[in-house]
Amino acid sequence: MPLTSAATTPALPFPPPAVAARTILILQHSDKCPPAYLSTFLSQRSIPSHTIHMDYPNPKLPDPAIYDWLAVVSLGGPQGAYEEEKYPWMADERQFMLDIIARGIPLLGICLGAQLLAHAIGGRAYSTGSQEAGYTVVTLTDEGRKDPFLVDLFQRCHQAEVEVGNEERTVDDHSCNGFLMHHGDSFDLPASCPVLAFSEFKQIFRHGSGLALQSHPESGLDELAQWTSFHPDRYPATIGMTAQQLIQKVAEKKEQAARTSAIFFECWWKEYVAKRLEKVDAATQQ
């Protein structure tokens, strides 16, 4: 199955550097893994974005020394972060991530993006031979409970569970089951980089200005329906239910999921992007 339905679409030119400073750069790895809610979130704030389709032929990444983006988001995809021979652009993206973080630009890695960042900082990504799909409980580690950003995020997500009357809600505000999963790969981290949250798999870590999540706060029911088509033969063996049963189960938590996505991006914006945008605006007014 082709990973994209529009591989011949020409890449758009990068915006001028002054515009890039107020623009979110999105690295997309498949047409079936779009920015989805992230695009809505940015539109609501009148923040432009620029997307590079890394799975299109000969993707070109901008020079971080020239383009000082407001933030960079690396999305998920059906590829394995360990499949560099098959996808040569992965080495370029990993180096780009390190360059972005070295410049203090916020980087958000989601699923595949998180695995690529783990690899880039000296860890590794690998296939687990199993799968995690739907909404599963994610819990802060001891290190995660020392992180004010994550504590606030999980408290707000847990409160959303309570307010929507989720019968499967978690027992305390250090856990949440509002994070959408769909992956069969995981990652290991170097000893200097602690895991901050976990489920059956490692879930969240930070590295400099980078934040990495195994879950998909940008996605919902429509995206999940697309993802189940990647490897339909995996169901029900890996998760104990058919693809249609999984979609139905996710649909039951649609309201809570929407609130969790909004909460995540609000917290991420406040923690990583808002102050940077203030500095950019102040500099342009001088």
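Where a number appears in this text, it was derived from the coordinates with a stated rule and is not lab data. The structure presented is a predicted model; accordingly, all values stated were derived computationally and were not measured. Positions of Cβ are generated from backbone atoms using ideal geometry, with glycine treated the same way; all protein chains shown enter the neighbour counts.
Being surrounded by 20 or more Cβ atoms within 10 Å (Cβ to Cβ), touching a strand residue (DSSP E or B) at 6+ places or on another chain (Cβ under 9 Å), basic (Lys, Arg) and in contact (Cβ under 8 Å) with a residue 40 or more places away in the chain narrows it down to one of LYS249, LYS253, so name that one.
On the way: LYS249 fails: surrounded by 20 or more Cβ atoms within 10 Å (Cβ to Cβ).
Selected residue: LYS253, the only one of LYS249, LYS253 that is surrounded by 20 or more Cβ atoms within 10 Å (Cβ to Cβ), touching a strand residue (DSSP E or B) at 6+ places or on another chain (Cβ under 9 Å), basic (Lys, Arg) and in contact (Cβ under 8 Å) with a residue 40 or more places away in the chain.
Please specify each residue of the stretch 60-94 satisfying the condition of being more than 23 Å from THR128 (Cβ to Cβ) and surrounded by 17 or more Cβ atoms within 10 Å (Cβ to Cβ).
Correct list: LEU61, PRO62, PRO64, TYR67, ASP68, TRP69, LEU70, ALA71, VAL72, VAL73, TRP89.
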